[in-house]
Amino acid sequence: MHKITFIPGDGIGPEVAWAARRCLEATGVSFQWDERPAGEGAIKQFNTPLPEDTLKSVRDNRVAIKGPITTPIGKGFRSVNVALRKALNLYACVRPCRTYAGVRSPFSQVNLVIVRENTEDLYAGIEFAAGEERTKQLIAQLTDWSKQPIQADAAISIKPISATATERIVRYAFEHALAHGRKKVTAVHKANIMKFTDGLFMETARRVAAAYEGRVAFEDRLVDATCMQLVLKPQDFDVLVLPNLYGDIISDLCAGLIGGLGVAPGANIGDGIAVFEAVHGSAPKYAGLNKVNPVAMILSGVMMLDYLGERSAARRLDAAVAAVLREGRRVTYDLKADRNDPTAVGTKEMADAIIEKMRTVKVTI
Ligand code: NAD
């Protein structure tokens with residue numbers, strides 16, 4: 001019996017989260033769900049989008065599956081999702097990108113994993129607004145120290161990159177590669193320009209990589225060149241490890257390589273704690289319509305099964321998703337050649353198709 005915190009989220013969150021939950025239950029693995037609010041529903045009830053009780057539940061259970069959450073504009077949190085990752089020290093964002101037959105994409109052989117650092121970089125949220133007194137003081141101090149001109153009306157964001165957090169994420173990437181039979185880790189940076197921050201990321205990555213020599217191959221690449229190579233030869237990549245901002249951008253690029261956000265799963269992982277969630281957001285305009293694709297969330301559930309050591313259930317659910325996608329019949333609008341195709345099914349009905357398929361599907365891997 002696995003005790004799991006279940007956070008439906010808001011927008012399309014509850015629809016896709018429940019689709020995933022039903023598929024997980026249909027594997028036969030035994031779960032005890034601890035349902036907790038976050039997002040808009042929680043604001044109404046607790047006056048905050050991220051109640052302490054919800055955090056406590058994840059801390060106690062150590063594993064959660066979560067639907068997307070809308071970021072309230074101009075209210076307290078910069079992002080509820082970033083706040084959750086910070087509060088639980090979920091330092092590794094893991095996003096596998098794999099092409100499935102039946103999903104329209106220019107590529108057919110993509111099978112890579114993005115490992116994104118979650119706690120530092122320009123995402124740390126250390127920002128100074130244009131025109132504020134303390135920003136002016138900062139500009140004066142920085143101009144004095146660096147001897148570089150900064151416009152007086154500039155806003156400033158700070159980019160901290162540490163050896164500690166870099167070592168932790170690169171080690172995570174190598175351990176992930178070993179645990180999943182992957183052959184190569186690519187560290188991505190812009191060390192030719194940001195010599196100190198990205199330079200430290202690159203040097204630390206090289207140092208950590210030395211300990212894995214002979215077991216997992218290693219290379220490092222500039223982020224701009226990586227973008228070009230990814231759209232030319234995505235098959236050349238295996239595990240990519242990146243600082244926060246490049247990781248954010250490149251994981252959306254890679255979601256594009258495999259057919260879009262509807263099929264891109266993810267997880268945020270710390271030491272002995274993990275929250276599984278789709279890459280996509282709460283797509284508010286589709287909320288409550290039973291329309292969007294549940295696959296990203298269901299594949300996040302597959303990752304959760306793997307994490308829990310339920311390997312055979314994970315393979316069966318993954319194979320059922322693959323079979324339903326390959327057949328292309330009982331799938332949501334975004335997976336049809338014509339998005340107005342009247343034969344497209346709803347979120348719930350696609351989950352039903354996957355659950356039915358699990359009874360007959362042959363697992364080949
Ligand atoms: P989004 O991912 O919610 O939606 C962008 C578009 O992608 C949608 O309009 C839709 O066309 C498509 N899409 C997304 N999910 C889909 C699915 N399952 N099936 C089919 N199509 C899908 O991005 P957004 O509109 O930029 O963000 C909306 C809200 O979600 C914002 O408040 C944002 O902060 C939040 N967000 C939350 C998370 C999270 O909870 N982890 C992640 C990203 C964005």
Worksheet item: Here are some residues: Leu289, Leu299. Which one is within 13 Å of the ligand (Cβ to nearest atom), aliphatic (A, V, I, L, M) and within 13 Å of Val94 (Cα to Cα)?
Response: Leu299
Worksheet item: Pick from segment 331-365 the residues that are assigned to a loop (DSSP other than H, G, I, E, B), touching a helix residue (DSSP H, G or I) at 6+ places or on another chain (Cβ under 8 Å) and among the basic types (Lys, Arg): which of them is farthest from Gly28 (Cα to Cα)?
Response: Arg339
Fill in: Every residue from segment 283-329 that is hydroxyl-bearing (Ser, Thr, Tyr) and surrounded by 24 or more Cβ atoms within 10 Å (Cβ to Cβ)
Ser300
Practice prompt. Could you list, in sequence order, all residues of segment 21-44 that are open to solvent by less than 40 Å² (accessible area, probe 1.4 Å) and within 11 Å of the ligand (Cβ to nearest atom)?
Written response: Ala38, Gly39
Worksheet item: Can you name the residue in segment 272-281 that is at pLDDT 95 or above and open to solvent by 10 Å² or more (accessible area, probe 1.4 Å) and, of all such residues, is nearest to the ligand (Cβ to nearest atom)?
Response: Glu277
Fill in: Test for Gly266: is it within 15 Å of the chain's Cα centre (by Cα), within 14 Å of the ligand (Cβ to nearest atom) and not hydrophobic (A, V, I, L, M, F, W, C)
yes
Worksheet item: Any chance segment 102-117 includes a residue that's more than 30 Å from Leu257 (Cα to Cα) and open to solvent by less than 50 Å² (accessible area, probe 1.4 Å)?
Response: no
Worksheet item: Which residue out of Lys183, Lys159 is charged (D, E, K, R) and farther than 15 Å from Val239 by Cα?
Response: Lys159
Item to complete: Of the conditions (1) part of a helix (DSSP H, G or I); (2) open to solvent by 20 Å² or more (accessible area, probe 1.4 Å); (3) farther than 29 Å from Gly266 by Cα; (4) not charged (D, E, K, R), Thr164 clears all except one; give me its number.
Response: (3)
Discussion item. Checking the structure you have, find out if any residue of segment 227-250 is within 11 Å of the ligand (Cβ to nearest atom) and surrounded by fewer than 23 Cβ atoms within 10 Å (Cβ to Cβ).
Written reply: yes
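Is at least one residue of segment 114-135 away from the ligand (no atom under 15 Å from the Cβ), under 19 Å from the mean Cα position of the chain (by Cα), closer than 21 Å to Ile298 by Cα and not in a loop (DSSP other than H, G, I, E, B)?
Going through segment 114-135, the residues away from the ligand (no atom under 15 Å from the Cβ) turn out to be 115, 117, 119-122, 124, 126-135.
After this cut, where a residue has to be under 19 Å from the mean Cα position of the chain (by Cα) as well, the list is 115, 117, 119-122, 124.
Restricting the remaining residues to those that are closer than 21 Å to Ile298 by Cα gives 115.
Right, trim to not in a loop (DSSP other than H, G, I, E, B) and you get 115.
Yes.
The values are calculated or read from the model by the stated rules, or taken from the named source; none is laboratory data. Keep in mind that what you see is a predicted model, and the values were worked out from it rather than measured. Ideal geometry is used to build each Cβ from the backbone, glycine not excepted, and the neighbour counts take in all protein chains shown. All accessible areas refer to the heavy atoms of the entire protein, side chains included, with ligands and DNA or RNA removed. Shrake-Rupley method; radii C 1.70, N 1.55, O 1.52, S 1.80 Å.
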